[in-house]
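The values are calculated or read from the model by the stated rules, or taken from the named source; none is laboratory data. These numbers come from a predicted model, not from an experiment. Because the Cβ atoms are built from the backbone with ideal geometry, glycine has one as well, and the counts that use them run over all protein chains shown.
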Amino acid sequence: MKKLLCAVLCMVMCLSLLAGCGASTKSKTGSVYWLNFKPEADAALQEIAKKYTEETGVSVKVVTAASGNYESTLTAEMDKSAAPTMFVVGNSAAVGTWGDYCLDLKDTDVYKELTTDSFTLYDANGKAASIGYCYESYGIIVNKKLLKEAGYEITDIKDFASLKTIVEDIHARAAELGFDAFTSSGMDGSSSWRFSGHLANMPLFYEMRDDKWTECPAELTGAYLENYKNIWDLYVNNSAYDINTLATGGYDAEAEFKNGDAVFYQNGTWEYAALSESWADDEMQMIPIYCGVEGEEKAGLCSGTENCWAVNAKASEADQKATLDFMYWLVTSEAGTKMMAEQFGAVPYKKAAASSNVFLANANELLAAGNYNVDWAFNYTPNVDDWRAGLVAAMNQYDAGGDWSEVETAFVQGWANQYQAAYGK
């Protein structure tokens, strides 16, 4: 009888242990929700998320915000019960807005893989709110093959004056050549960021350099707005597209460049994969955006980042861990680093795969030759979406026959208004 009782007790204990083991294996492992900032990378990110889930069993959802609508999308998504666990906080203003939602990334495994701290954003207390996952460059992409057909070499372009001469000559001979100077400069949401953000960086950068900004200034002087006008006029007046149609947009500048419709196209290193489908590396080169500033013959490309990952501090611990594990895998695994190099180019992590992006090589060559980097001063912009929207509206009025002073007001007074709205002082 005692033996039978012992046997029963042993069976009960074993079953209890098995039940306990079963409960632990079914515990929540967490999931990842990545709110992606870069529409052009969406297809690749969906694929890499699927691959990670197949390898690990961890669910990874990637949602891509529409171009120019990231902040509003993030605001809406953060109000939901299943909020993003991985999102972008790309400038000091965004740290001010979203800092409470940012997990301190110091001492995390992914943070320890960084090769530089240059792209890490900290809050006022020293918390690592977000970390750069790539850095990029932009400028004017040139089709060297078409440029040569027009009678010029890339070395003929040294500053705004030489660029203007060549551009205006190509535009004047467009019918004869079979291509124009610049691609379209559409001002709809899919394209206006190139001009209200990236092109607007030119006057912002030179003002920042003069005044040595270390934080968002309450006011701008607008000292370089005439240079902004110089380059904008060059774009819109030397293209196949009627200036009066730019406000409504609907153009596809990337396709125009790929089709050989124009020699010049303002965009960035992220365009390499798409453009290389149509043109060989030795047929393309990225040059600086020249706008008539003294000494600009020593300018480099506009290089920096607003692509910085943050992890939701309000997510569950399981989701935070799953997200950090996924980020670590992206920057250390063969599949992850390959995708990162192909989609994002220069990636500041120890195990980053080499990039074949010729535009990144152009950026590095200019810096190696002693040219100055044109930093991303637009990262200081207060209430960035609202400021850019006001600038776009003013530029559209100018294109429709209005006065440039409207753009100056949107630029300078608009900045002061948005600073007051953002910081209340």
For the condition surrounded by 18 or more Cβ atoms within 10 Å (Cβ to Cβ), under 30 Å from Thr214 (Cβ atoms) and modelled with pLDDT of 95 or more, what is the one hit in Val88, Val95, Val62?
Val88
Just one of Ala354, Ala421, Ala363, Ala394 is surrounded by fewer than 16 Cβ atoms within 10 Å (Cβ to Cβ), small (Gly, Ala, Ser) and outside any loop (DSSP other than H, G, I, E, B); which is it?
Ala421
Looking at Tyr251, Tyr224, Tyr241, which is the one that is more than 29 Å from Ala368 (Cα to Cα), over 22 Å from the mean Cα position of the chain (by Cα) and among the aromatic types (Phe, Trp, Tyr)?
Tyr241
Here's a check for you: in the stretch 122-144, which residue that is at pLDDT 95 or above and polar (S, T, N, Q) is surrounded by the fewest Cβ atoms within 10 Å (Cβ to Cβ)?
Asn143
Go over the candidates Gly390, Gly402, Gly414 one by one and state the one that is farther than 23 Å from Met284 by Cα, in the same structural domain as Trp270 (by TED's automatic domain parsing) and free of Cβ contacts under 8 Å to residues at least 12 places away in the same chain.
Gly402
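To keep it simple, each residue is scored yes or no on (1) more than 27 Å from Ser196 (Cα to Cα); (2) assigned by TED's automatic domain parsing to the domain that holds Trp193; (3) in contact with a strand residue (DSSP E or B) (Cβ under 7 Å, 6 or more places away or on another chain).
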{"residue": "Ser67", "(1), (2), (3)": "no, no, no"}
{"residue": "Glu77", "(1), (2), (3)": "no, no, yes"}
{"residue": "Lys80", "(1), (2), (3)": "yes, no, no"}
{"residue": "Ser92", "(1), (2), (3)": "no, no, yes"}
{"residue": "Gly99", "(1), (2), (3)": "no, no, yes"}
{"residue": "Leu105", "(1), (2), (3)": "yes, no, yes"}
{"residue": "Asn143", "(1), (2), (3)": "no, yes, yes"}
{"residue": "Glu153", "(1), (2), (3)": "yes, yes, no"}
{"residue": "Asp156", "(1), (2), (3)": "yes, yes, no"}
The stretch 217-255, subset surrounded by 19 or more Cβ atoms within 10 Å (Cβ to Cβ) and of a type in the set (A, V, I, L, M, F, W, C), residue farthest from Tyr419 (Cα to Cα):
Ala253
More than 17 Å from Thr85 (Cβ to Cβ), out of contact with any helix residue (DSSP H, G or I) (no Cβ under 6 Å at 6 or more places or on another chain) and surrounded by fewer than 18 Cβ atoms within 10 Å (Cβ to Cβ): does that describe Lys338?
yes
